[in-house]
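**Q** Just passing along the structure, written as structure tokens.
Just so you know, all these numbers are worked out from the coordinates, no wet-lab data involved. The structure presented is a predicted model; accordingly, all values stated were derived computationally and were not measured. Neighbour counts run over all protein chains shown; Cβ positions are idealised from the backbone, glycine included.
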Amino acid sequence: MILSIIYLTLLSFLPGSMNEPGIDYSPRLLHKELSSIFGSGDYSMTEFDGEDVSAGSSLTSGKFFSIRSAEGENIIVYIGRVNSCRAGGCTNPSLTGMDAESEYFDYFILFDSERRVKLVRVYNYAATHGQEVAVKRWLDQFAGHDGAKPLRAGKEIDGISGATISVNSIVADVNEKIMLLNQ
């Protein structure tokens, strides 16, 4: 028994076992928000065909879903991951992809039937700095955005001291997802 525990512990430290986990495409927070919007947990979630919204984008690291309530109301959700940088800096992670120096956080965007942002929520913050971007009150700034004009950190979206990289990363990602959805 003790030998089995030691063996399993050693396996967890092998190269490749420390990789970041995949994106959770069914986070509890999303289902809580959807139940609040629809008034019940009675809805269906269908993934968009990848070509529908990600054509021409090499930066997409998530998925779009169509959510339909039992009453026929339809909204769209994007669930994805934003790469960020560790303290000390790195190159632009959204262009280089995840590397040894990158960290990430997972979030979702709910769009209304007119494809405006209904809400943005961070549900898995796995970075060491900048967690202030997960605060609901700060994320509420994205509500109502329709993509007519790109959002800018420090202008339409308030900056956060100590979370500059995370703020810039999520603002850029929200802009990209709105653009992809509206194409």
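**Q** What FRET efficiency comes out for the pair S35/N74, r = Cβ-Cβ distance, R0 = 22 Å, nearest 0.05? Spell out each step's value before the answer.
**A** Numbers: r = 16 Å, r/R0 = 0.73.
Approximately 0.85, to the nearest 0.05.
**Q** ³J(HN,Hα) across the stretch 32-39 via Karplus (A = 6.51, B = -1.76, C = 1.60, θ = phi - 60°), whole Hz, x for Gly/Pro?
**A** 5, 5, 5, 5, 5, 5, 8, x
**Q** What residues qualify as long-range amide H neighbours of Y104, i.e. H under 5 Å apart, gap of 5 or more or another chain, H built at 1.01 Å from N?
**A** The answer is S84, A126, A127.
**Q** How long is the gain from T128 to A148 if the chain were fully straight, where each residue apart is worth 0.36 nm and the alpha carbon distance is subtracted?
**A** Working: separation 20, 0.36 × 20 = 7.20 nm, distance 3.32 nm.
So the chain would gain 3.9 nm between T128 and A148.
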